[in-house]
1. Take segment B:298-327 and flag every residue that is within 17 Å of B:G270 (Cα to Cα) and not in a helix (DSSP H, G or I).
2. Looking at A:D204, A:D229, A:D178, can you tell me which residue is surrounded by fewer than 17 Cβ atoms within 10 Å (Cβ to Cβ), closer than 24 Å to B:G28 by Cα and charged (D, E, K, R)?
3. Listed residues A:T199, A:T172, A:T167, A:T194; which is under 27 Å from B:A88 (Cα atoms) and modelled with pLDDT under 95?
4. Just for segment B:20-35: of the residues that are within 22 Å of the chain's Cα centre (by Cα) and in a loop (DSSP other than H, G, I, E, B), which one is nearest to the other protein chains (Cβ to nearest Cβ)?
5. When you look at B:G36, is it buried (at least 21 other Cβ atoms within 10 Å of the Cβ) and out of contact with any helix residue (DSSP H, G or I) (no Cβ under 7 Å at 6 or more places or on another chain), yes or no?
6. Going through B:A223, B:A218, B:A161 one at a time, which residue ends up being over 19 Å from B:H262 (Cα atoms), in the same structural domain as B:I310 (by TED's automatic domain parsing), of a type outside the set (F, W, Y) and part of a helix (DSSP H, G or I)?
7. Going by the conditions given, is B:Y38 in a loop (DSSP other than H, G, I, E, B) and touching a Pro at 6+ places or on another chain (Cβ under 8 Å)?
8. Look at segment B:312-327 and say how many of its residues are of a type in the set (A, V, I, L, M, F, W, C) and more than 18 Å from B:D295 (Cα to Cα).
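The values are calculated or read from the model by the stated rules, or taken from the named source; none is laboratory data. Computed from a predicted model, the values in this text were never measured in an experiment. So basically every Cβ, Gly included, is an ideal-geometry build from the backbone, and we count neighbours across all protein chains shown.
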Amino acid sequence: MDLPDKDAPLPETLSSAGKDETLHAYREMLRIRRFEETAARAYTRGKISGFLHLYIGQEAIAVGTSLAMQPGDRIVSTYRDHGFALAQGCDANACMAEMFGKKTGLVGGVGGSMHFFERDKGMWGGYAIVGNHIPIAAGHAFASKYLGDGAVTICFLGDGAVGIGPTHEGMTLAGLWDLPVVFVVENNRYSMGTPLERTLPAADITSRAPGYGMVGDRFTVEDPFQVRDRIGAAIRRAREESQPTLVEILTYRFRGHSMSDPAKYRGKGELEAFRASDPFERANRALLELHGMTEEQLEAIDDEVIAEMDAAAEFADQSPQPDPDYRFENIMIEGEG
Amino acid sequence: MPTLQIREAIREAMREEMVRDDKVFLMGEEVGHYQGAYKCSQGLLEQFGEKRVVDTPITETGFAGVGIGAAMCGLRPIIEFMTFNFSAVAFDQILNNAAKIHHMTGGQFSVPIVFRGPNAAAHMLGSTHSQAFDSFYAHIPGLKVVSVATPYDAKGLLKSAIRDPNPVIFFESELMYSVRGEVPEEEYLIPIGEADIKRPGDDVTLLCWGQSVPTALAAAELAQEHSDLSAEVIDLRTLRPLDTEAIIASVKKTNRVVIAEHGWPYGGVGAELVDRIQRLAFDWLDAPVARVCYDDIPFAYAENLEHLSIPQPEDVHAALRQVAYRD
């Protein structure tokens, strides 16, 4: 994987974007990063328990994807789902409160970090058994084709999910039935602590695409507009031609798999090299170098975002726990539905 | 009243519900062009087309998940497993997605889906194709579990299952698809969760469902004839939610219980029944509850060995005598 260093020329997709859209995308990436950092601190203080998988380093993918979506389109994601929820416009307070296990959480405190759902925002999970959401996403796409609703389902998975059965079966059916779905593998190089050299029989995951009757598209993430354009093309193919696509995005997570993972498996200098090509830092550079913004202005934005996330943590902390009887709710639906 | 086979009753239930609601569709292996491995879907492809009668490749976890994902969007899938033995491959989809999504999403999504197909042993299919999944699925909160033994029940309960807003596991039996029975021409529904007294009696309550219903009825006949024992045969019809009220009412009348179960004994549905009976009717019991189950072993292919592993009417008759202290 060839990584541009930190002084490399900015990618064309980023340099040709206007100031407002660059600032918007930058701010959304920043919100995700600060949200995750706030969550990590809350975790170390014992406010969040269970599993916590951070999205730091991969933000441009969620932000770019949301830019390419239309109302009615859906994201189906893994347990590393916070970034998608925020990019789709889910309230940071409700997201944070969900992880604190509070009544005010996105799903009332029953889901936690790994199960973010907000139907009306196009945030359709939040699945935590690796690979078992691929058939679900294919099912959403099946319904879209059946109903003719024109919606596209964008399903994210990790490089660690490509070997498991449901991934294969879901993609087989999506390809066989020409379903309007985009599968996006976020290849962050590690299946938990195991590098892809020890999990993938063929390094290029999109080499599987023809076998599923799909178009493949593989690229290293550079900036959110590049992601918007590449995933946008796949979304168009789904919407206009009812053809699925298998996209592989080469990315990197700067934190461990989860909070309990010190990530000692990384190669020497690896993290530093990827940090140097951080799409977030590139967007920062674009604002400074191309759009005449100052360090002070960006710091002021950062202060606002940090304040938003601190407030979210405070909101979550102050929120009540779910009512005791809430544990019995939403198990069965009464009557004919 | 016309008589139908169980497979025809199932077909008519699906046909009527597909006519009634265009969101209902059937998906599974060989359901369309092949007309169904057991011909339950015969003629449906011709009537409804490939959009609504969907043949799948051999991908149980794939099409079970597709059904769940489609149900979350408001469709009403009927997923046919050629046998519930193959549902083991899709178990994670049913356990972690179908049963939990309504809860896990804080009620934002529902999963109105039916998983149906033959369950339990058939005839000399060997250990991997002879299993009863009753207790596996009945164990899971978030599911309803139905098991049918007559054409009348099959049609009325399948129609209710298709209209139910929750995921429903619907057990049929390969050995019983040809069983005939009366089915009214006019539309009717049977509510999920209600047991049915298949044969009234006074001396012993005999609980059964699915394949053990004909076994229990034959045993009741033997008991009447040879032991002068009157068994009340209750077909549970639904394993989750259980009709505890009907069970306990009968136990309080007879004071003795036998459970005929086509399934393994360890952790079986019968064990749950015993627990409820001892908790709710302890003072009414005149004998320990007896269970007649599959042998606690993987099934053998050989005809004699398989036959020995399955509760026979004679075994159930012996249990009826045992709880009545006739030996």
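1. Residues satisfying the conditions are B:I310, B:P311, B:Q312.
2. Details: A:D204 fails: closer than 24 Å to B:G28 by Cα; A:D229 fails: closer than 24 Å to B:G28 by Cα.
Among A:D204, A:D229, A:D178, only A:D178 is surrounded by fewer than 17 Cβ atoms within 10 Å (Cβ to Cβ), closer than 24 Å to B:G28 by Cα and charged (D, E, K, R).
3. On the way: A:T172 fails: modelled with pLDDT under 95; A:T167 fails: modelled with pLDDT under 95; A:T194 fails: under 27 Å from B:A88 (Cα atoms).
Of the residues listed, the single one that is under 27 Å from B:A88 (Cα atoms) and modelled with pLDDT under 95 is A:T199.
4. B:E29
5. Details: buried (at least 21 other Cβ atoms within 10 Å of the Cβ): yes; out of contact with any helix residue (DSSP H, G or I) (no Cβ under 7 Å at 6 or more places or on another chain): yes.
The answer is yes for B:G36.
6. None of the others qualify; the one that does is B:A223.
7. Numbers: in a loop (DSSP other than H, G, I, E, B): yes; touching a Pro at 6+ places or on another chain (Cβ under 8 Å): yes.
Criteria met by B:Y38.
8. Start the filter on segment B:312-327 by keeping residues that are of a type in the set (A, V, I, L, M, F, W, C), which leaves B:316, B:318-320, B:323-324.
The next check asks that each one be more than 18 Å from B:D295 (Cα to Cα); those that pass are B:320, B:323-324.
Of the residues in segment B:312-327, 3 are of a type in the set (A, V, I, L, M, F, W, C) and more than 18 Å from B:D295 (Cα to Cα).
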